[in-house]
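One structure below.
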Amino acid sequence: MLALLFLTVCGITIGGLLTFANTSSVATTTLRQTRRTDFDAHAAVEVAIATVRTGTNCTTNMPTVLPLNNLTAPVRVDCYQLSATSGSHAQRNDVFLVCPQSVAPPCDTNPSVPLLQANVIFYDTPVPGFSIGIQSWTSR
């Protein structure tokens, strides 16, 4: 009788522990998927910044790298020019928004849509993209 009670308690305890293990496994999978999308968003905006730095115009749906980490959720970058000055202190102030490819362009500035938003100033003296300044870098 004592052995049967012992086996019942052990069975219930092991069953409860397996439930925690399953929950942890699901959470880990979700976290990995989120991090993959985050890594792709960061890579895409860095490619877009490098492209605009060379003098390419800031546009929606900029060409970026293919998804590297999360193949099921590709991203794209939309770029908007806030201001530009010319002359001896030429500079451009651009905003880069990274959105899922499934969202129709242009990427909305609503904080719930972009995966990442970067505000970058390009200092174009003496040549385009001579230096840059990251004003803000916000990841969702």
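The values are calculated or read from the model by the stated rules, or taken from the named source; none is laboratory data. In this text, all values refer to a predicted model and were calculated from it rather than measured experimentally. Cβ: placed from backbone, ideal geometry, glycine included. Neighbour counts: every protein chain shown.
Run down Ala50, Ala44, Ala90 and say which single residue is surrounded by 12 or more Cβ atoms within 10 Å (Cβ to Cβ) and within 15 Å of the chain's Cα centre (by Cα). Full working, then the answer.
Details: Ala50 fails: within 15 Å of the chain's Cα centre (by Cα); Ala90 fails: within 15 Å of the chain's Cα centre (by Cα).
That would be Ala44, the only listed residue that is surrounded by 12 or more Cβ atoms within 10 Å (Cβ to Cβ) and within 15 Å of the chain's Cα centre (by Cα).
I'd like to verify a number: residues in the range 53-65 that are of a type outside the set (Ser, Thr, Tyr), surrounded by 14 or more Cβ atoms within 10 Å (Cβ to Cβ) and at pLDDT 80 or above, how many?
2
Consider Ala84 carefully, then state whether it is more than 21 Å from the chain's Cα centre (by Cα) and either under 21 Å from Ile134 (Cα atoms) or modelled with pLDDT of 85 or more (or both). Before you say what the answer is, go through the steps one by one.
Details: more than 21 Å from the chain's Cα centre (by Cα): yes; either under 21 Å from Ile134 (Cα atoms) or modelled with pLDDT of 85 or more (or both): yes.
For Ala84, the condition - more than 21 Å from the chain's Cα centre (by Cα) and either under 21 Å from Ile134 (Cα atoms) or modelled with pLDDT of 85 or more (or both) - is met.
How about the range 93-140: which of its residues are of a type in the set (Asp, Glu) and surrounded by fewer than 16 Cβ atoms within 10 Å (Cβ to Cβ)? First the steps, then the outcome.
Going residue by residue through the range 93-140, those that are of a type in the set (Asp, Glu) are 94, 108, 124.
If the condition is that a residue be of a type in the set (Asp, Glu) and surrounded by fewer than 16 Cβ atoms within 10 Å (Cβ to Cβ), then Asp108 is the only one that fits.
What tally of residues in the range 66-81 results from selecting those that are of a type outside the set (S, T, N, Q), loosely packed, with under 15 Cβ neighbours inside 10 Å and either modelled with pLDDT of 80 or more or under 12 Å from Val98 (Cα atoms) (or both)? Before you say what the answer is, go through the steps one by one.
Let us first name the residues in the range 66-81 that are of a type outside the set (S, T, N, Q), namely 66-68, 71, 73-80.
From the residues that got through so far, the ones that are loosely packed, with under 15 Cβ neighbours inside 10 Å too are 66, 68, 71.
So of that shortlist, the ones also either modelled with pLDDT of 80 or more or under 12 Å from Val98 (Cα atoms) (or both) come out as none.
Residues in the range 66-81 being of a type outside the set (S, T, N, Q), loosely packed, with under 15 Cβ neighbours inside 10 Å and either modelled with pLDDT of 80 or more or under 12 Å from Val98 (Cα atoms) (or both): 0 in total.
How about the range 53-81: which of its residues are under 18 Å from Phe130 (Cβ atoms) and either charged (D, E, K, R) or out of contact with any Asp or Glu (no Cβ under 6 Å at 6 or more places or on another chain) (or both)? Spell out the reasoning first.
First, the residues of the range 53-81 that are under 18 Å from Phe130 (Cβ atoms): 53-58, 81.
Arg53, Thr54, Gly55, Thr56, Asn57 - these are the residues of the range 53-81 that are under 18 Å from Phe130 (Cβ atoms) and either charged (D, E, K, R) or out of contact with any Asp or Glu (no Cβ under 6 Å at 6 or more places or on another chain) (or both).
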